[in-house]
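Undergrad: Pasting in a structure now, in structure tokens, and then I'll have a few things to ask.
The values are calculated or read from the model by the stated rules, or taken from the named source; none is laboratory data. Quantities reported herein were computed from a predicted structural model and do not represent experimental measurements. Here the Cβ positions follow ideal geometry from the backbone for every residue, glycine too, while neighbour counts run over all protein chains shown. Quick note on the areas: whole protein, heavy atoms, side chains included, nothing else; ligands and nucleic acids left out. Shrake-Rupley method; radii C 1.70, N 1.55, O 1.52, S 1.80 Å.
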Amino acid sequence: MPPVVPLLGTAVFAQGTSEFMVAGLVPDIASEMSVSIPAAGLLTSAFAVGMAVGAPLMALLAMRWPRRLALAAFLVAFVLAHVVAALTGSFEVLVATRVVGALANAGFLAVGLATVTSIVPADAKGRALAVLLAGTTIACVAGVPGGAVLGGLWGWRSAFWAVALLCIPALVAVLTSVPRDHAGTTPPSARGELRALRRPQLLVVLLLGALVNGATFCSFTFLAPVLTDVSGIAAGWVPAMLALFGGGAFLGVRLAARWSDTRPGPVLALGGTVLAVGWAAFALTAGNAVAAVVLVPLMGTLAFAVGGTLIARVLYAASGAPNLAGSFATASLNIGAAVGPWIGGIVIGAGLDLSSPLWVSAALVAAALAIVVLERAAGPWVTPRTSCP
């Protein structure tokens with residue numbers, strides 16, 4: 001694996017920490033900003049909306065930029081957004097900084113995915129993707145619980161300062177390690193790549209990614225209050241529980257790296273089925289602390305194994321759009337990440353208990369499985385190696 005791939009993963013770690021850390025800070029932000037927990041949970045949706053809208057737009061914007069310049073510019077914008085977030089006393093401004101940070105993150109990830117997939121062998125996209133996404137899962141293991149600890153010690157603003165500082169070495173790595181574009185390279189055609197992204201089978205995989213990620217973020221956004229108010233776990237243990245989820249997510253990405261290039265079908269069919277059952281089981285047993293300790297890492301593993309495999313399938317299916325494929329995969333996942341917490345907030349606001357988002361997650365994955373069944377009835381949609389899904 002080229003050394004630049006894990007270096008880009010370090011930047012993804014810093015940005016992943018920002019995307020996920022709000023899950024551990026929701027109660028403190030809601031209290032200080034005098035907003036409800038569902039309203040504070042919308043900070044996750046705001047970031048996801050920025051990612052969903054920004055991924056294709058930023059990819060198109062940066063399509064003709066030198067990749068090193070594009071990656072550095074997006075990182076600088078990301079840092080500035082977090083500095084403002086750490087200083088503001090307005091909830092509206094805080095929401096706006098989440099959107100701006102997400103736009104920068106989306107651009108960085110789109111260019112990063114294009115960079116990675118252009119320098120690895122054609123049949124190793126899943127493995128390269130797993131290395132890049134390892135930054136996200138390590139953020140769940142270390143960054144998100146670390147943010148929760150910082151929030152508990154020095155307030156939630158300290159977590160935003162920490163993310164800004166984490167990006168500085170990542171910026172240095174980008175400037176010193178990302179290879180320069182070759183002179184004389186033919187500029188990519190946005191119109192040609194957009195045509196390649198219209199394939200119906202690709203759109204199905206994008207929809208599945210949105211549903212599975214929507215399920216993940218619906219429950220993950222409200223995991224802290226579920227654990228404290230439903231499972232009866234002390235607030236001081238929430239960072240450890242978030243780390244358990246992140247550890248499971250890291251394992252899930254590693255499993256996707258192992259099988260997404262060669263055996264995606266079994267991962268998606270079996271893993272998706274167990275994922276739906278697991279969310280339902282978590283909802284049924286949410287009042288049991290022991291069950292929560294067991295199910296939190298298991299759901300992290302299943303969610304990221306299935307989600308990581310779906311991203312790899314998008315990259316294979318959209319081989320004719322190397323610069324935009326990653327952005328559309330990012331957009332689909334973040335549409336789910338925006339809609340999932342929004343639905344979770346609606347069901348809580350309707351008077352259902354805090355475990356109701358777990359049921360929503362089970363329903364979203366069940367919907368994805370139903371689409372798979374319908375698609376398979378029309379013909380196989382996932383094939384191994386470099387074939388299209």
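Undergrad: Quick test of your reading of the structure: Ala30 fulfils all but one of (1) in contact (Cβ under 8 Å) with a residue 12 or more places away in the chain; (2) assigned to a helix (DSSP H, G or I). Name the failing condition by number.
TA: Here Ala30 clears every test but (1).
Undergrad: Quick one: in segment 104-120, of everything that is aliphatic (A, V, I, L, M) and surrounded by fewer than 19 Cβ atoms within 10 Å (Cβ to Cβ), which residue is nearest to Ser177 (Cα to Cα)? Explain how you work it out, then say what you get.
TA: Applying the first criterion (aliphatic (A, V, I, L, M)) to segment 104-120 yields 104, 106, 109-111, 113-114, 116, 119-120.
Next, from what is left, pick out any that are surrounded by fewer than 19 Cβ atoms within 10 Å (Cβ to Cβ): 119-120.
Details: Ile119: 13, Val120: 16 Å.
The qualifying residue nearest to Ser177 (Cα to Cα) is Ile119.
Undergrad: Out of Ala81, Ala70, which single residue is free of Cβ contacts under 8 Å to residues at least 24 places away in the same chain, open to solvent by less than 40 Å² (accessible area, probe 1.4 Å) and in contact with a Gly (Cβ under 8 Å, 6 or more places away or on another chain)?
TA: It is Ala81.
Undergrad: Also, I was wondering about something else. Out of all the residues in segment 202-217, is one or more farther than 23 Å from Ala48 by Cβ and out of contact with any His (no Cβ under 7 Å at 6 or more places or on another chain)?
TA: Checking segment 202-217: not a single residue is farther than 23 Å from Ala48 by Cβ and out of contact with any His (no Cβ under 7 Å at 6 or more places or on another chain).
Undergrad: When you check Ser45 against the structure, is it modelled with pLDDT of 80 or more and over 18 Å from Pro239 (Cβ atoms), yes or no?
TA: Considered against the rule, which asks whether it is modelled with pLDDT of 80 or more and over 18 Å from Pro239 (Cβ atoms), Ser45 comes out as no.
Undergrad: Can you confirm whether segment 53-67 contains a residue that is charged (D, E, K, R), within 13 Å of Phe108 (Cβ to Cβ), open to solvent by 10 Å² or more (accessible area, probe 1.4 Å) and more than 20 Å from the chain's Cα centre (by Cα)? Can you show your working first?
TA: Residues of segment 53-67 that are charged (D, E, K, R), as a first pass: 64, 67.
If we keep only those that are within 13 Å of Phe108 (Cβ to Cβ) as well, we get 67.
In the following step, the residues that additionally are open to solvent by 10 Å² or more (accessible area, probe 1.4 Å) were identified as 67.
Next, only the ones that are more than 20 Å from the chain's Cα centre (by Cα) stay: 67.
Yes, segment 53-67 contains a residue that is charged (D, E, K, R), within 13 Å of Phe108 (Cβ to Cβ), open to solvent by 10 Å² or more (accessible area, probe 1.4 Å) and more than 20 Å from the chain's Cα centre (by Cα).
Undergrad: Follow-up. Could you tell me how many of the residues in segment 92-103 are open to solvent by less than 40 Å² (accessible area, probe 1.4 Å) and either outside any helix (DSSP H, G or I) or of a type in the set (A, V, I, L, M, F, W, C) (or both)?
TA: So the answer is 2.
Undergrad: Out of all the residues in segment 329-381, which are open to solvent by 60 Å² or more (accessible area, probe 1.4 Å), of a type in the set (Val, Ile, Thr) and more than 21 Å from the chain's Cα centre (by Cα)?
TA: Correct list: Ile346, Val373.
Undergrad: From the set of residues in segment 255-297 that are of a type in the set (Gly, Ala, Ser) and not in a helix (DSSP H, G or I), which is most open to solvent (accessible area, probe 1.4 Å)?
TA: For segment 255-297, the residue satisfying everything is Gly287.
Undergrad: While we're here: Output the residue which, of all residues in segment 21-44 that are touching a Phe, Trp or Tyr at 6+ places or on another chain (Cβ under 6 Å) and open to solvent by 10 Å² or more (accessible area, probe 1.4 Å), is nearest to Pro225 (Cα to Cα).
TA: Asp28
Undergrad: May I ask you to say which residue of Gly252, Gly300, Gly307, Gly247 is open to solvent by 20 Å² or more (accessible area, probe 1.4 Å), part of a helix (DSSP H, G or I) and touching a residue at least 60 places away in the same chain (Cβ under 8 Å)?
TA: Gly247
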